[in-house]
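Since every read-out is calculated from the coordinates, none of them should be taken as a lab result. Because the structure is a prediction, the values reported are computed rather than measured. Glycine gets a Cβ as well: all are built from the backbone with ideal geometry, and neighbour counts include every protein chain shown.
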Amino acid sequence: MFDSLPDRVSIYEVSPRDGLQNEAAPVPLAGKLRLLDALVASGLRRIELTSFVSPRWVPQLADADELVAQYPPPPGVTLSALCPNARGFERARAVGLQEIAVFMSASETHNQKNTNKSIAQSLETFAEVVPPALAAGMRVRAYVSTVWGCPYEGAVAPERALEITQRLLELGCYQVSLGDTIGVGTPLQTRRLCQLFQAEVPTSALALHFHDTRGTALANALVGLELGFRDFDASVAGLGGCPYAPGAAGNLATEDLVYMLHGMGVATGVDLERLVEAGRVAEAVVGRRLPGKVHQAGVPTLRA
């Protein structure tokens, strides 16, 4: 165990989008800008800013165009946004984003509730988004949600998620993030899922996205790490959830992931103490206590 860990991991920070979209009240633009500054100051270099969805569906992100316009990417930082359709892509291109993400579910029911489309319709829509984005010089990432389980259908056939992932990669997405949207995954299930995907898809084209609903997110991330995964999504202080997945709790906390990785000798490029400060900023801007373990306990100072 732990004999062949990656020397470095890339963290894709999703708190400004996946985190804030689930808040009961929209966070003011000034609060979002303050959070972004804190995240960048911690050393995070891949950050998902927002989502170009209709404000009617996600009012918490209604200021997407203004946010991107007011926050040009700092040197060395990649900023991205979700784009559900061609209209979202056009908005992203208009404000100069260099990376976007598309999203869908492995569960037909969740896909309908989350996007108002069938799985087949989502793939048709992305065929109208991904190639034009690539032609415009943008990179495209993708999410596949409910891979570990669905709040409406229960167990989801892994082969269905694998087929969707292959289709998204064939379209030109550079990476597909596999999501345990409702946090039902266990380490053995995660090992079997990851190995199924690795048999058909290069690991470098995959990322892992865990929610900590039942306290297993970090254990599942450790399984992925042992299998050679180098890309993990996380959200500062455990901020987040899914509006269309009843019972889904926050994401894997970025501080918890970084603390574990650094303790195992895996580099992230992130300053943990500054990351904890970013978690405090997140807590201040949302106005409620956040669940991340390192966020609550702090960085330990061990003395002989």
So what is the relative contact order of segment 10-297, in percent, for Cα pairs below 8 Å that sit 6 or more residues apart? 20
Determine the percent antiparallel among the DSSP beta bridges restricted to the chain, to the nearest 5. 5
Binned at 10 Å from 0, what are the whole-percent values of the Cα-Cα distance distribution for the chain, short to long? 6, 30, 39, 22, 3, 0, 0
Summed over the other residues with a beta carbon less than 14 angstrom from that of L225, with K and R at +1 and D and E at -1, the charge totals -3
For C150, what charge total do you get from the other residues with a beta carbon under 12 Å from its beta carbon, if Lys and Arg give +1 and Asp and Glu give -1? -1
If you take the square roots of the eigenvalues of the alpha-carbon gyration tensor of segment 1-129 and sort them as a ≥ b ≥ c, do you get rounded (a/c under 1.5), prolate (a/b over b/c) or oblate? oblate
If each residue of separation counts as 0.36 nm, what is the full-extension length gain between A41 and A86 once their alpha-carbon separation is subtracted? 12.9 nm
